[in-house]
Amino acid sequence: MQRRKVLKLITTGLSAVGVSRVRGANIIGNALLDAPVGPFKPTWTSLANYQVPEWFRNAKFGMWAHWGPQCQPEYGDWYARGMYQEGSDQYKYHCKKYGHPSKFGFKDVIHEWKAENWNPEELVSLYKNAGAKYFMALANHHDNFDLYNSKYQPWNSTKMGPKKDLIGGWAKAAKNNDLPFGVSVHAAHAWSWFETAQRSDKNGPLAGVPYDGKLTKAEGAGKWWNGYDPQDLYAQNHPLSENSLDNGMIHRQWAWGNGVTPPSKAYCEKFYNRTIELIDRYNPELIYFDDTVLPLWPVSDAGLRIASHLYNKSIKEHGHLRAVIYGKILDEQQRKCMVWDIERGQSNEIEPLPWQTDTCIGGWHYDRRIYDNNEYKSAKTVVHTLLDVVSKNGNLLLNIPVRGDGTIDEKERAVVEGITAWMKINSEAIYDTRPWQTFGEGPAIESAAPLSAQGFNEGKGKPFTSEDIRFTQKGKTLYAAMLGWPTNGMATIKKLAASASAGKIASVTLLGHHQQLTFQQGNEGLQITLPQEAPCQNAFVFKIQGAVKS
(Lines give C-alpha, C1' and ligand atoms only; values in the text may rest on other atoms or scores of the structure.)
Protein backbone atom coordinates (compact mmCIF):
# COMPACT_ATOMS: atom_id res chain seq x y z
CA MET A 1 0.00 0.00 0.00
CA GLN A 2 1.32 3.45 -0.82
CA ARG A 3 2.57 5.63 2.05
CA ARG A 4 -0.08 8.30 1.38
CA LYS A 5 -2.92 5.75 1.58
CA VAL A 6 -1.59 4.23 4.80
CA LEU A 7 -1.25 7.70 6.32
CA LYS A 8 -4.84 8.50 5.38
CA LEU A 9 -6.12 5.30 7.01
CA ILE A 10 -4.24 5.88 10.24
CA THR A 11 -5.08 9.56 10.58
CA THR A 12 -8.73 8.84 9.86
CA GLY A 13 -8.72 6.52 12.87
CA LEU A 14 -7.01 9.14 15.00
CA SER A 15 -9.49 11.80 13.95
CA ALA A 16 -12.38 9.59 15.01
CA VAL A 17 -11.52 10.16 18.66
CA GLY A 18 -10.45 13.76 18.49
CA VAL A 19 -6.78 13.76 17.48
CA SER A 20 -5.91 16.12 14.66
CA ARG A 21 -4.74 14.79 11.32
CA VAL A 22 -1.55 16.83 11.46
CA ARG A 23 -0.76 15.62 14.96
CA GLY A 24 -1.49 12.03 13.93
CA ALA A 25 0.85 12.32 10.99
CA ASN A 26 3.63 13.49 13.27
CA ILE A 27 3.07 10.59 15.62
CA ILE A 28 3.20 7.85 13.04
CA GLY A 29 5.60 9.39 10.59
CA ASN A 30 8.56 7.13 11.43
CA ALA A 31 6.49 4.08 12.28
CA LEU A 32 4.79 3.31 8.98
CA LEU A 33 7.21 0.53 8.14
CA ASP A 34 6.21 -1.20 11.40
CA ALA A 35 2.63 -1.73 10.22
CA PRO A 36 2.14 -5.53 10.08
CA VAL A 37 1.00 -7.25 6.91
CA GLY A 38 -2.56 -8.57 7.09
CA PRO A 39 -6.21 -7.54 6.95
CA PHE A 40 -6.06 -5.37 10.07
CA LYS A 41 -4.60 -1.86 9.86
CA PRO A 42 -3.79 0.40 12.82
CA THR A 43 -7.04 2.36 12.59
CA TRP A 44 -10.30 2.21 14.50
CA THR A 45 -12.18 1.64 11.26
CA SER A 46 -10.12 -1.42 10.42
CA LEU A 47 -10.07 -2.83 13.96
CA ALA A 48 -13.89 -2.60 14.05
CA ASN A 49 -13.89 -5.70 11.81
CA TYR A 50 -12.78 -7.72 14.82
CA GLN A 51 -14.93 -10.66 15.90
CA VAL A 52 -14.52 -12.13 19.39
CA PRO A 53 -13.35 -15.74 18.90
CA GLU A 54 -15.77 -18.48 19.88
CA TRP A 55 -13.20 -20.22 22.07
CA PHE A 56 -13.11 -17.16 24.33
CA ARG A 57 -16.89 -16.82 24.43
CA ASN A 58 -17.11 -20.48 25.46
CA ALA A 59 -14.31 -20.35 28.04
CA LYS A 60 -16.06 -17.99 30.50
CA PHE A 61 -13.46 -18.30 33.29
CA GLY A 62 -9.77 -17.45 33.41
CA MET A 63 -7.21 -17.00 36.18
CA TRP A 64 -4.45 -14.46 36.53
CA ALA A 65 -1.11 -14.15 38.32
CA HIS A 66 -0.75 -10.40 38.89
CA TRP A 67 2.75 -10.87 40.28
CA GLY A 68 5.87 -8.75 40.17
CA PRO A 69 8.44 -6.99 42.38
CA GLN A 70 5.75 -4.93 44.12
CA CYS A 71 4.67 -8.19 45.77
CA GLN A 72 8.03 -8.52 47.52
CA PRO A 73 7.20 -6.09 50.39
CA GLU A 74 3.78 -7.83 50.73
CA TYR A 75 2.22 -4.48 51.47
CA GLY A 76 -0.39 -3.89 48.83
CA ASP A 77 -1.06 -2.54 45.38
CA TRP A 78 0.79 0.37 43.79
CA TYR A 79 3.60 -0.03 46.31
CA ALA A 80 6.23 1.43 43.98
CA ARG A 81 4.23 4.67 43.84
CA GLY A 82 2.98 4.76 47.42
CA MET A 83 6.41 4.28 48.97
CA TYR A 84 7.30 7.74 47.64
CA GLN A 85 4.22 9.44 49.14
CA GLU A 86 5.43 10.97 52.39
CA GLY A 87 3.23 10.00 55.34
CA SER A 88 1.35 7.20 53.56
CA ASP A 89 1.10 3.73 55.07
CA GLN A 90 3.41 2.35 52.40
CA TYR A 91 5.95 5.15 52.92
CA LYS A 92 6.02 4.49 56.66
CA TYR A 93 6.30 0.76 56.14
CA HIS A 94 9.09 1.23 53.59
CA CYS A 95 11.13 3.49 55.84
CA LYS A 96 10.82 1.00 58.69
CA LYS A 97 11.58 -2.12 56.63
CA TYR A 98 14.06 -0.87 54.05
CA GLY A 99 15.08 2.69 54.85
CA HIS A 100 14.36 6.13 53.45
CA PRO A 101 13.42 6.23 49.71
CA SER A 102 16.31 8.59 49.01
CA LYS A 103 18.63 5.75 50.05
CA PHE A 104 16.61 2.64 49.25
CA GLY A 105 14.30 3.14 46.32
CA PHE A 106 12.09 0.83 44.34
CA LYS A 107 15.06 -0.24 42.22
CA ASP A 108 16.47 -1.72 45.43
CA VAL A 109 13.20 -3.55 46.17
CA ILE A 110 13.67 -5.23 42.78
CA HIS A 111 17.16 -6.27 43.87
CA GLU A 112 15.71 -7.92 47.00
CA TRP A 113 13.11 -9.90 45.06
CA LYS A 114 14.23 -13.48 44.29
CA ALA A 115 11.02 -15.48 43.61
CA GLU A 116 12.86 -18.39 45.19
CA ASN A 117 9.86 -20.73 45.65
CA TRP A 118 8.07 -20.07 42.37
CA ASN A 119 6.61 -23.17 40.72
CA PRO A 120 4.54 -22.08 37.72
CA GLU A 121 3.62 -25.63 36.73
CA GLU A 122 2.02 -26.34 40.11
CA LEU A 123 0.07 -23.08 40.19
CA VAL A 124 -1.22 -23.25 36.62
CA SER A 125 -2.24 -26.91 37.15
CA LEU A 126 -4.10 -25.85 40.29
CA TYR A 127 -5.97 -23.17 38.37
CA LYS A 128 -6.84 -25.49 35.50
CA ASN A 129 -8.23 -27.99 38.00
CA ALA A 130 -10.35 -25.16 39.42
CA GLY A 131 -11.98 -24.71 36.04
CA ALA A 132 -9.91 -21.97 34.43
CA LYS A 133 -10.02 -22.12 30.62
CA TYR A 134 -7.26 -19.54 30.08
CA PHE A 135 -4.36 -18.22 32.13
CA MET A 136 -2.86 -14.74 32.27
CA ALA A 137 0.40 -13.49 33.79
CA LEU A 138 1.64 -9.97 34.53
CA ALA A 139 4.30 -8.99 31.96
CA ASN A 140 5.03 -5.59 33.54
CA HIS A 141 3.27 -3.16 35.82
CA HIS A 142 3.27 0.61 36.16
CA ASP A 143 6.65 0.06 37.85
CA ASN A 144 8.09 -0.40 34.31
CA PHE A 145 9.97 -3.62 35.15
CA ASP A 146 9.67 -6.28 32.43
CA LEU A 147 9.18 -9.83 33.68
CA TYR A 148 10.67 -11.34 30.55
CA ASN A 149 13.85 -11.27 28.49
CA SER A 150 13.62 -7.87 26.82
CA LYS A 151 16.31 -6.37 24.66
CA TYR A 152 14.57 -2.99 24.88
CA GLN A 153 14.20 -2.78 28.67
CA PRO A 154 17.44 -3.55 30.56
CA TRP A 155 15.49 -3.51 33.83
CA ASN A 156 13.98 -6.96 33.49
CA SER A 157 13.68 -10.15 35.52
CA THR A 158 16.35 -12.04 33.58
CA LYS A 159 19.03 -9.52 34.56
CA MET A 160 17.85 -8.41 38.02
CA GLY A 161 15.87 -9.68 40.97
CA PRO A 162 14.90 -13.30 40.30
CA LYS A 163 17.17 -13.49 37.23
CA LYS A 164 14.52 -15.71 35.65
CA ASP A 165 12.36 -15.41 32.56
CA LEU A 166 9.05 -15.33 34.41
CA ILE A 167 6.82 -14.91 31.38
CA GLY A 168 8.70 -17.73 29.70
CA GLY A 169 8.02 -19.95 32.71
CA TRP A 170 4.34 -19.05 32.87
CA ALA A 171 3.94 -19.55 29.12
CA LYS A 172 5.51 -23.02 29.28
CA ALA A 173 3.24 -24.02 32.17
CA ALA A 174 0.14 -22.77 30.33
CA LYS A 175 1.15 -24.76 27.23
CA ASN A 176 1.77 -27.89 29.32
CA ASN A 177 -1.74 -27.52 30.74
CA ASP A 178 -3.27 -26.83 27.32
CA LEU A 179 -4.52 -23.39 28.37
CA PRO A 180 -4.51 -20.31 26.13
CA PHE A 181 -1.88 -17.93 27.51
CA GLY A 182 -2.32 -14.23 28.11
CA VAL A 183 -0.20 -11.35 29.37
CA SER A 184 -1.16 -8.14 31.12
CA VAL A 185 0.74 -5.00 30.14
CA HIS A 186 0.60 -1.92 32.39
CA ALA A 187 3.89 -0.13 31.77
CA ALA A 188 2.61 2.64 29.50
CA HIS A 189 1.82 4.73 32.57
CA ALA A 190 5.24 4.65 34.27
CA TRP A 191 5.93 8.10 32.79
CA SER A 192 3.42 9.86 35.04
CA TRP A 193 2.82 7.14 37.66
CA PHE A 194 6.41 7.28 38.91
CA GLU A 195 6.42 11.07 39.30
CA THR A 196 6.21 10.55 43.06
CA ALA A 197 9.82 9.29 42.85
CA GLN A 198 10.88 12.85 41.90
CA ARG A 199 9.71 14.17 45.26
CA SER A 200 11.46 14.66 48.58
CA ASP A 201 10.24 14.82 52.16
CA LYS A 202 8.70 18.08 53.27
CA ASN A 203 9.30 17.30 56.93
CA GLY A 204 11.80 15.54 59.14
CA PRO A 205 15.58 15.14 59.14
CA LEU A 206 15.76 14.36 55.41
CA ALA A 207 13.47 17.16 54.26
CA GLY A 208 14.50 18.35 50.82
CA VAL A 209 16.69 15.34 50.07
CA PRO A 210 15.44 13.99 46.71
CA TYR A 211 14.16 10.45 46.43
CA ASP A 212 15.94 8.27 43.89
CA GLY A 213 13.61 8.90 40.94
CA LYS A 214 16.05 11.11 39.00
CA LEU A 215 19.26 9.15 39.53
CA THR A 216 21.56 8.85 36.53
CA LYS A 217 23.59 5.98 35.18
CA ALA A 218 26.79 7.69 36.27
CA GLU A 219 25.69 7.58 39.90
CA GLY A 220 25.72 3.77 39.86
CA ALA A 221 29.51 3.48 40.14
CA GLY A 222 30.28 0.98 42.89
CA LYS A 223 26.58 0.14 43.41
CA TRP A 224 24.79 -3.13 42.67
CA TRP A 225 23.15 -1.45 39.68
CA ASN A 226 26.40 -0.22 38.16
CA GLY A 227 26.08 -0.04 34.38
CA TYR A 228 22.30 0.33 34.41
CA ASP A 229 20.49 3.63 33.96
CA PRO A 230 17.73 4.16 36.58
CA GLN A 231 15.93 6.33 34.03
CA ASP A 232 15.24 3.20 31.97
CA LEU A 233 13.13 2.17 34.96
CA TYR A 234 11.74 5.41 36.41
CA ALA A 235 11.48 7.44 33.17
CA GLN A 236 11.56 10.74 35.08
CA ASN A 237 13.72 12.97 32.87
CA HIS A 238 10.72 15.25 32.28
CA PRO A 239 8.86 18.04 34.08
CA LEU A 240 6.18 17.10 36.56
CA SER A 241 2.59 17.05 35.36
CA GLU A 242 0.17 19.71 36.58
CA ASN A 243 -0.82 19.19 40.23
CA SER A 244 1.58 16.25 40.43
CA LEU A 245 1.81 16.65 44.21
CA ASP A 246 -1.88 15.74 44.41
CA ASN A 247 -1.73 11.96 44.83
CA GLY A 248 -5.15 11.53 43.26
CA MET A 249 -4.34 13.50 40.12
CA ILE A 250 -2.98 10.40 38.38
CA HIS A 251 -6.53 9.07 38.05
CA ARG A 252 -7.81 12.23 36.35
CA GLN A 253 -4.85 12.16 33.98
CA TRP A 254 -5.06 8.44 33.15
CA ALA A 255 -6.28 9.14 29.61
CA TRP A 256 -3.28 11.43 28.96
CA GLY A 257 -5.08 14.70 29.48
CA ASN A 258 -5.88 17.19 32.24
CA GLY A 259 -2.38 18.64 32.36
CA VAL A 260 -0.28 15.49 32.25
CA THR A 261 3.20 16.05 30.83
CA PRO A 262 3.02 14.40 27.38
CA PRO A 263 5.22 11.32 27.02
CA SER A 264 8.10 11.68 24.59
CA LYS A 265 8.09 9.94 21.24
CA ALA A 266 11.11 7.89 22.35
CA TYR A 267 9.19 6.69 25.43
CA CYS A 268 6.18 5.71 23.30
CA GLU A 269 8.29 3.86 20.74
CA LYS A 270 10.22 2.02 23.44
CA PHE A 271 6.91 0.84 24.91
CA TYR A 272 5.77 -0.23 21.45
CA ASN A 273 8.98 -2.18 20.79
CA ARG A 274 8.86 -3.90 24.19
CA THR A 275 5.28 -5.01 23.63
CA ILE A 276 5.82 -6.23 20.07
CA GLU A 277 8.80 -8.21 21.32
CA LEU A 278 6.64 -9.70 24.07
CA ILE A 279 4.03 -10.77 21.52
CA ASP A 280 6.50 -12.21 19.03
CA ARG A 281 8.67 -14.05 21.55
CA TYR A 282 6.03 -15.53 23.88
CA ASN A 283 3.00 -15.84 21.58
CA PRO A 284 0.22 -14.77 23.95
CA GLU A 285 -3.32 -15.16 22.65
CA LEU A 286 -4.70 -12.57 25.08
CA ILE A 287 -3.40 -9.14 26.09
CA TYR A 288 -4.85 -7.09 28.91
CA PHE A 289 -3.99 -3.38 28.76
CA ASP A 290 -4.46 -1.43 31.99
CA ASP A 291 -5.27 1.74 30.09
CA THR A 292 -8.15 3.89 28.98
CA VAL A 293 -8.91 2.37 25.55
CA LEU A 294 -5.37 1.43 24.41
CA PRO A 295 -1.93 2.25 25.82
CA LEU A 296 -0.80 5.86 25.24
CA TRP A 297 -3.98 6.70 23.34
CA PRO A 298 -4.62 9.36 22.10
CA VAL A 299 -1.13 10.91 22.31
CA SER A 300 0.35 8.00 20.34
CA ASP A 301 -0.92 5.36 17.94
CA ALA A 302 1.33 2.72 19.55
CA GLY A 303 -1.68 0.84 20.89
CA LEU A 304 -3.37 0.74 17.50
CA ARG A 305 -0.22 -0.64 15.91
CA ILE A 306 0.12 -3.27 18.64
CA ALA A 307 -3.51 -4.36 18.22
CA SER A 308 -3.28 -4.74 14.45
CA HIS A 309 0.03 -6.59 14.83
CA LEU A 310 -1.45 -9.13 17.27
CA TYR A 311 -4.58 -9.72 15.22
CA ASN A 312 -2.65 -10.18 11.98
CA LYS A 313 -0.13 -12.46 13.67
CA SER A 314 -2.95 -14.60 15.05
CA ILE A 315 -4.54 -14.99 11.62
CA LYS A 316 -1.20 -15.84 10.01
CA GLU A 317 -0.42 -18.53 12.59
CA HIS A 318 -3.86 -20.11 13.01
CA GLY A 319 -5.61 -19.37 9.73
CA HIS A 320 -8.24 -17.49 11.72
CA LEU A 321 -8.30 -14.94 14.50
CA ARG A 322 -7.89 -16.40 18.01
CA ALA A 323 -6.45 -13.34 19.74
CA VAL A 324 -8.19 -11.20 22.37
CA ILE A 325 -7.28 -7.70 23.54
CA TYR A 326 -8.96 -6.14 26.57
CA GLY A 327 -9.51 -2.41 26.92
CA LYS A 328 -11.19 -0.23 29.55
CA ILE A 329 -13.62 2.67 29.28
CA LEU A 330 -14.51 2.02 25.66
CA ASP A 331 -17.06 3.84 23.55
CA GLU A 332 -19.46 1.98 21.26
CA GLN A 333 -17.04 2.02 18.33
CA GLN A 334 -14.07 0.84 20.38
CA ARG A 335 -16.06 -2.10 21.83
CA LYS A 336 -16.20 -3.47 18.30
CA CYS A 337 -12.39 -3.43 18.14
CA MET A 338 -11.58 -5.36 21.32
CA VAL A 339 -13.19 -6.90 24.40
CA TRP A 340 -14.50 -4.40 26.93
CA ASP A 341 -12.98 -5.07 30.36
CA ILE A 342 -14.62 -3.94 33.61
CA GLU A 343 -12.31 -3.82 36.63
CA ARG A 344 -13.75 -5.00 39.95
CA GLY A 345 -17.32 -4.74 38.75
CA GLN A 346 -19.85 -5.95 36.26
CA SER A 347 -22.45 -4.75 33.83
CA ASN A 348 -26.04 -4.52 35.04
CA GLU A 349 -27.53 -5.89 31.83
CA ILE A 350 -26.93 -8.40 29.06
CA GLU A 351 -24.30 -6.82 26.84
CA PRO A 352 -24.68 -7.24 23.07
CA LEU A 353 -20.96 -8.00 22.69
CA PRO A 354 -18.83 -10.32 24.84
CA TRP A 355 -17.05 -8.57 27.70
CA GLN A 356 -14.99 -9.41 30.78
CA THR A 357 -14.88 -8.65 34.48
CA ASP A 358 -11.46 -8.74 36.08
CA THR A 359 -11.25 -8.94 39.84
CA CYS A 360 -9.14 -10.29 42.66
CA ILE A 361 -9.77 -12.17 45.90
CA GLY A 362 -7.55 -9.66 47.71
CA GLY A 363 -5.35 -6.78 46.55
CA TRP A 364 -3.85 -6.84 43.09
CA HIS A 365 -0.38 -7.12 44.61
CA TYR A 366 0.02 -9.40 47.60
CA ASP A 367 -0.85 -7.72 50.90
CA ARG A 368 -0.02 -9.53 54.13
CA ARG A 369 -2.57 -7.41 56.00
CA ILE A 370 -5.42 -8.96 53.97
CA TYR A 371 -4.17 -12.41 54.95
CA ASP A 372 -3.79 -11.48 58.61
CA ASN A 373 -7.28 -9.94 58.79
CA ASN A 374 -9.03 -12.76 56.86
CA GLU A 375 -10.27 -10.33 54.19
CA TYR A 376 -10.08 -12.51 51.09
CA LYS A 377 -13.18 -12.93 48.97
CA SER A 378 -14.81 -16.26 49.69
CA ALA A 379 -15.36 -19.00 47.14
CA LYS A 380 -19.06 -18.17 47.47
CA THR A 381 -18.48 -14.58 46.39
CA VAL A 382 -16.40 -15.72 43.42
CA VAL A 383 -19.03 -18.24 42.32
CA HIS A 384 -21.81 -15.65 42.60
CA THR A 385 -19.76 -13.18 40.58
CA LEU A 386 -19.06 -15.79 37.91
CA LEU A 387 -22.74 -16.68 37.56
CA ASP A 388 -23.80 -13.03 37.41
CA VAL A 389 -21.17 -12.14 34.81
CA VAL A 390 -21.78 -15.15 32.56
CA SER A 391 -25.56 -14.54 32.63
CA LYS A 392 -24.84 -11.14 31.02
CA ASN A 393 -22.60 -12.40 28.19
CA GLY A 394 -19.36 -11.89 30.09
CA ASN A 395 -16.25 -13.77 31.22
CA LEU A 396 -14.57 -13.62 34.63
CA LEU A 397 -10.80 -13.21 35.01
CA LEU A 398 -9.77 -13.86 38.63
CA ASN A 399 -6.46 -12.94 40.25
CA ILE A 400 -5.05 -14.94 43.14
CA PRO A 401 -2.32 -12.70 44.66
CA VAL A 402 1.14 -14.30 44.69
CA ARG A 403 3.62 -13.70 47.49
CA GLY A 404 7.05 -12.31 46.75
CA ASP A 405 8.60 -15.77 46.92
CA GLY A 406 6.27 -17.06 44.18
CA THR A 407 3.76 -18.99 46.32
CA ILE A 408 0.14 -18.47 47.31
CA ASP A 409 -0.86 -18.80 50.95
CA GLU A 410 -3.05 -21.50 52.46
CA LYS A 411 -6.09 -19.22 52.80
CA GLU A 412 -5.95 -18.38 49.09
CA ARG A 413 -5.54 -22.05 48.29
CA ALA A 414 -8.70 -22.82 50.29
CA VAL A 415 -10.63 -20.29 48.17
CA VAL A 416 -9.36 -21.95 44.99
CA GLU A 417 -10.36 -25.36 46.35
CA GLY A 418 -13.86 -24.05 47.08
CA ILE A 419 -14.17 -22.84 43.48
CA THR A 420 -12.87 -26.21 42.29
CA ALA A 421 -15.50 -28.15 44.25
CA TRP A 422 -18.33 -26.01 42.85
CA MET A 423 -17.10 -26.18 39.26
CA LYS A 424 -16.75 -29.99 39.37
CA ILE A 425 -20.53 -30.20 39.82
CA ASN A 426 -21.88 -27.13 38.05
CA SER A 427 -19.53 -26.13 35.24
CA GLU A 428 -21.91 -27.25 32.49
CA ALA A 429 -24.00 -24.19 33.39
CA ILE A 430 -20.92 -22.01 32.70
CA TYR A 431 -18.94 -23.32 29.73
CA ASP A 432 -20.26 -22.96 26.17
CA THR A 433 -23.39 -21.14 27.35
CA ARG A 434 -25.06 -18.00 26.12
CA PRO A 435 -27.42 -15.54 27.83
CA TRP A 436 -31.11 -16.41 28.01
CA GLN A 437 -33.85 -13.87 27.21
CA THR A 438 -33.19 -12.23 30.61
CA PHE A 439 -30.14 -12.52 32.84
CA GLY A 440 -31.95 -13.03 36.12
CA GLU A 441 -34.39 -12.04 38.80
CA GLY A 442 -34.42 -11.20 42.49
CA PRO A 443 -34.06 -8.33 44.95
CA ALA A 444 -30.34 -7.78 44.34
CA ILE A 445 -31.08 -6.44 40.86
CA GLU A 446 -32.86 -3.40 42.24
CA SER A 447 -29.90 -2.45 44.44
CA ALA A 448 -27.20 -2.97 41.81
CA ALA A 449 -24.72 -0.08 41.77
CA PRO A 450 -23.84 1.71 38.50
CA LEU A 451 -20.37 1.44 37.02
CA SER A 452 -17.82 4.06 38.09
CA ALA A 453 -15.04 4.88 35.61
CA GLN A 454 -13.55 1.51 34.58
CA GLY A 455 -15.85 -0.47 36.91
CA PHE A 456 -15.60 -0.60 40.71
CA ASN A 457 -19.21 -1.45 41.49
CA GLU A 458 -18.70 -4.94 42.91
CA GLY A 459 -19.99 -5.59 46.41
CA LYS A 460 -22.03 -2.38 46.55
CA GLY A 461 -25.49 -3.94 46.20
CA LYS A 462 -27.52 -6.22 48.43
CA PRO A 463 -26.07 -9.67 49.16
CA PHE A 464 -27.51 -12.43 47.00
CA THR A 465 -30.16 -14.73 48.49
CA SER A 466 -32.20 -17.74 47.40
CA GLU A 467 -34.58 -15.34 45.65
CA ASP A 468 -31.79 -14.25 43.30
CA ILE A 469 -31.59 -16.33 40.14
CA ARG A 470 -29.16 -16.14 37.23
CA PHE A 471 -29.87 -17.78 33.88
CA THR A 472 -27.75 -19.24 31.10
CA GLN A 473 -28.69 -21.45 28.20
CA LYS A 474 -27.04 -24.05 26.01
CA GLY A 475 -29.00 -25.25 23.03
CA LYS A 476 -32.50 -26.09 24.29
CA THR A 477 -31.37 -26.40 27.91
CA LEU A 478 -31.93 -23.60 30.40
CA TYR A 479 -29.82 -23.33 33.54
CA ALA A 480 -31.17 -21.37 36.50
CA ALA A 481 -28.66 -20.78 39.30
CA MET A 482 -30.16 -20.10 42.72
CA LEU A 483 -27.75 -18.01 44.80
CA GLY A 484 -28.86 -19.32 48.18
CA TRP A 485 -30.64 -22.35 49.67
CA PRO A 486 -34.24 -21.72 50.84
CA THR A 487 -35.18 -22.74 54.36
CA ASN A 488 -38.71 -23.82 53.40
CA GLY A 489 -37.69 -26.57 50.97
CA MET A 490 -39.13 -24.78 47.95
CA ALA A 491 -37.59 -22.73 45.16
CA THR A 492 -39.63 -20.27 43.09
CA ILE A 493 -38.53 -18.89 39.73
CA LYS A 494 -40.93 -16.11 38.73
CA LYS A 495 -39.59 -15.68 35.20
CA LEU A 496 -40.76 -19.23 34.43
CA ALA A 497 -44.41 -18.65 35.34
CA ALA A 498 -46.99 -20.23 33.10
CA SER A 499 -48.14 -16.78 31.99
CA ALA A 500 -44.60 -15.59 31.19
CA SER A 501 -42.82 -15.84 27.86
CA ALA A 502 -41.08 -19.06 28.85
CA GLY A 503 -42.28 -22.29 27.29
CA LYS A 504 -43.93 -25.19 29.06
CA ILE A 505 -41.43 -26.84 31.42
CA ALA A 506 -40.87 -30.52 30.68
CA SER A 507 -38.34 -31.51 33.35
CA VAL A 508 -36.22 -30.05 36.17
CA THR A 509 -33.10 -31.55 37.70
CA LEU A 510 -30.58 -30.15 40.17
CA LEU A 511 -26.94 -30.47 39.15
CA GLY A 512 -25.21 -32.85 41.53
CA HIS A 513 -28.50 -34.48 42.57
CA HIS A 514 -29.09 -36.58 39.44
CA GLN A 515 -32.81 -37.13 39.95
CA GLN A 516 -35.89 -35.45 38.55
CA LEU A 517 -37.42 -32.87 40.87
CA THR A 518 -41.11 -32.35 41.49
CA PHE A 519 -42.29 -29.00 40.17
CA GLN A 520 -45.38 -27.00 39.34
CA GLN A 521 -45.53 -24.25 36.74
CA GLY A 522 -48.23 -21.79 37.82
CA ASN A 523 -49.07 -18.17 37.26
CA GLU A 524 -46.79 -17.09 40.15
CA GLY A 525 -43.77 -18.90 38.83
CA LEU A 526 -42.06 -22.27 38.59
CA GLN A 527 -42.19 -23.85 42.06
CA ILE A 528 -39.66 -26.61 42.66
CA THR A 529 -39.59 -29.03 45.59
CA LEU A 530 -35.99 -29.30 46.76
CA PRO A 531 -34.19 -32.40 48.07
CA GLN A 532 -33.54 -32.51 51.79
CA GLU A 533 -29.81 -31.87 51.34
CA ALA A 534 -28.06 -29.48 48.95
CA PRO A 535 -25.69 -31.23 46.52
CA CYS A 536 -22.99 -28.56 46.90
CA GLN A 537 -22.29 -25.18 48.47
CA ASN A 538 -22.54 -21.54 47.41
CA ALA A 539 -24.97 -21.73 44.47
CA PHE A 540 -27.37 -24.35 43.17
CA VAL A 541 -28.14 -24.91 39.51
CA PHE A 542 -31.39 -26.21 38.07
CA LYS A 543 -31.21 -27.84 34.65
CA ILE A 544 -34.50 -27.15 32.94
CA GLN A 545 -35.94 -28.55 29.73
CA GLY A 546 -38.76 -26.86 27.86
CA ALA A 547 -38.11 -23.21 28.70
CA VAL A 548 -35.96 -22.52 25.65
CA LYS A 549 -38.08 -22.29 22.53
CA SER A 550 -36.85 -23.61 19.20
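The values are calculated or read from the model by the stated rules, or taken from the named source; none is laboratory data. Predicted model only: the values in this text are computed from it and were never measured. When we count neighbours, we look across all protein chains shown, and the Cβ atoms used for this are built from the backbone with ideal geometry, even at glycine.
In the condition set (1) touching a helix residue (DSSP H, G or I) at 6+ places or on another chain (Cβ under 7 Å); (2) over 26 Å from GLY394 (Cα atoms); (3) modelled with pLDDT under 95, THR487 is compliant with all but (1).
Scanning region 291-305 for residues that are surrounded by fewer than 24 Cβ atoms within 10 Å (Cβ to Cβ) and either free of Cβ contacts under 8 Å to residues at least 24 places away in the same chain or closer than 24 Å to LEU396 by Cβ (or both) yields a count of 3.
Of everything in region 58-74, what is of a type outside the set (A, V, I, L, M, F, W, C) and within 22 Å of ASP341 (Cβ to Cβ)? Give them in sequence order. Matches in region 58-74: ASN58, LYS60, GLY62, HIS66, GLY68, GLN70.
When the residues of region 391-415 are filtered to those that are among the aliphatic types (A, V, I, L, M) and surrounded by fewer than 22 Cβ atoms within 10 Å (Cβ to Cβ), the one that is nearest to GLU441 (Cα to Cα) is ALA414.
Scanning region 307-321 for residues that are within 15 Å of VAL183 (Cβ to Cβ) and of a type outside the set (Gly, Ala, Ser) yields HIS309, LEU310, LYS313. Scan region 504-522 for residues that are surrounded by fewer than 17 Cβ atoms within 10 Å (Cβ to Cβ) and more than 37 Å from the chain's Cα centre (by Cα) and the total you get is 8. Restricting attention to region 114-155, the residues being under 21 Å from LEU396 (Cβ atoms) and part of a loop (DSSP other than H, G, I, E, B) number 4. For region 523-535, the set of residues classified as surrounded by 12 or more Cβ atoms within 10 Å (Cβ to Cβ), over 19 Å from PHE471 (Cβ atoms) and either hydrophobic (A, V, I, L, M, F, W, C) or out of contact with any strand residue (DSSP E or B) (no Cβ under 9 Å at 6 or more places or on another chain) (or both) consists of ALA534 only. Listed by position, the helices (runs of 4 or more DSSP H) contained in region 1-109 that have at least 1 residues being of a type in the set (Ser, Thr, Tyr), modelled with pLDDT of 95 or more and under 30 Å from LEU123 (Cα atoms) are 79-82, 89-97. Within the set SER308, SER314, the sole residue that is assigned to a helix (DSSP H, G or I) and free of Cβ contacts under 8 Å to residues at least 40 places away in the same chain turns out to be SER314. Counting only helices (runs of 4 or more DSSP H) that fall entirely inside region 157-266 and contain at least 2 residues that are under 28 Å from ALA137 (Cβ atoms) and touching a strand residue (DSSP E or B) at 6+ places or on another chain (Cβ under 8 Å), the qualifying elements are 166-176. All conditions in (1) under 22 Å from the mean Cα position of the chain (by Cα); (2) of a type in the set (D, E, K, R); (3) in a helix (DSSP H, G or I); (4) surrounded by fewer than 18 Cβ atoms within 10 Å (Cβ to Cβ) hold for GLU428, with the sole exception of (1).
Restricting attention to region 113-155, which residues are among the small types (Gly, Ala, Ser), in contact (Cβ under 8 Å) with a residue 60 or more places away in the chain and over 13 Å from LEU166 (Cβ atoms)?
Across region 113-155, the qualifying residues are ALA130, GLY131, ALA132.
If you take the residues of region 61-98 that are of a type in the set (A, V, I, L, M, F, W, C) and more than 18 Å from MET136 (Cα to Cα), which of them is nearest to the chain's Cα centre (by Cα)?
It comes out as TRP78.
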